[in-house]
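Visitor: The following block contains the structure, expressed as structure tokens.
The values are calculated or read from the model by the stated rules, or taken from the named source; none is laboratory data. Fair warning: this is a prediction, and the values are worked out from it, not measured in the lab. Every residue, glycine among them, receives a Cβ derived from its backbone with ideal geometry; neighbour counts consider all protein chains shown.
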């Protein structure tokens, strides 16, 4: 017991260990950034975030080496880190995953476990890449939100747009009807599941040419067609 306590107090690290651990962290962080670029499906990859993943891995390694086996030093760093506030919102859930990924690998490099760092980086990164490419656990495709205005006082009780909706969609559900300006001018919202998503543009055009319909919008994942 006394010997273990002395090992904690006499914890030391050489310059060679520092350089080796940081080099391992850099290589692993670089691999993580590559996996992120391969698996990210958002609107655009930010170079600053890729660089941040590499540096975050190295910084975590430094923190772990500074803490060493010193419990008091660990609590001190936790208190110092608690004043940091992140102001930039993360757009994708996968960004959070990669941040924790970098932190974990940095910890492994910091305690001098290169095999765990390298193998975990390649293995976890490969799993993320496989899941992204194969979509094995992807949820079923969601529907679209169709919105348009319709002037109903056209001397007929028929609803001409329903035929077009039934032609292009597997199913449709009326979500909302709102009067705009006058009682005859309505804004309608439908939840639809399109038979072929490649026909989105044709579907919108077919709705637009119907007499009395204006301002047609089709929404899916915050995209407007």
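Visitor: Please find, within the range 32-48, the residue that is nearest to the chain's Cα centre (by Cα) out of those that are surrounded by fewer than 19 Cβ atoms within 10 Å (Cβ to Cβ) and assigned to a helix (DSSP H, G or I).
Guide: The residue in question is 39.
Visitor: Quick one: would you say residue 72 is loosely packed, with under 15 Cβ neighbours inside 10 Å, farther than 27 Å from residue 132 by Cβ, at pLDDT below 60 and over 27 Å from the mean Cα position of the chain (by Cα)?
Guide: In short, no.
Visitor: Do we find that residue 39 is under 23 Å from residue 129 (Cα atoms) and modelled with pLDDT of 65 or more in this structure?
Guide: So residue 39 fits the description; yes.
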